[in-house]
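Asks: Submitted below is the structure of interest, expressed as structure tokens.
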Amino acid sequence: MTDPQYPVAPPAAPTRQRTSRGRTAAVVVSALVGGLLFHGGIGAVGVGLFAAGQSAVAASLTEARDEKIAAVAAEEAAAAAIEEQAADERLAAAAALADEKTWRESILLALEKAVHEDAQALVAEGYLEGPILESVCFPDGDTSTVAITELSDGELECMAVTQTTIDEYVGYTYTATISWADGTYSFEIL
């Protein structure tokens, strides 16, 4: 079996043998490739889960924001309704005050007219000297301007005026009692 050319026997044809090192390398390469694929898959799943988590968080934040906006809008609507009700009550109170003022002014005018007519009748009968120019009534003789709606029931001082000066009336004094609630009054000359 020796060849004249080769005094020694030719080496045997190379054979492939797997060694444990080769097997380990193949397993490691397979593991790396599988791991990369696996991690890529997990990464994709992780990215998908992360994106889904972000969507859920975003949806939750949007829902919370919408609830807060709705709550603020409801509070503003309630405040507006309260303000509107208060405005309506103020208007009703103003109307009632205007009605009360009108009511009281009509009673006071009727009293002043009655005093004026009484004083004119007493002038006609010769008990008083005239002429009677007008009649005015004030609370307790106070000639300042007091709001008629602030007057309580009670006594008023009236004057059958025969002359006026810059700051006073001159004439015959009457005392009057008035009840605003039922619109009644009485008077007498002093």
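Every number in this text was worked out from the coordinates using simple rules, so none of it is lab data. Just so it is clear, the model here is predicted, and its values are computed rather than measured.
Asks: Residue by residue through region 150-157, what is 3J(HN,Hα) from phi via Karplus (6.51 cos²θ - 1.76 cosθ + 1.60, θ = phi - 60°)? Round to whole Hz and write x for glycine and proline.
Replies: Result, ordered by residue: 8, 6, 9, 4, x, 8, 10, 9 Hz.
Asks: In vacuum, with every alpha carbon of region 88-190 counted as one equal point scatterer, what does the Debye formula give for log10 I(q)/I(0) at q = 0.10, 0.12, 0.21 Å⁻¹? Two decimals, please.
Replies: Normalising to I(0) and taking log10 leaves -0.31, -0.43, -1.06.
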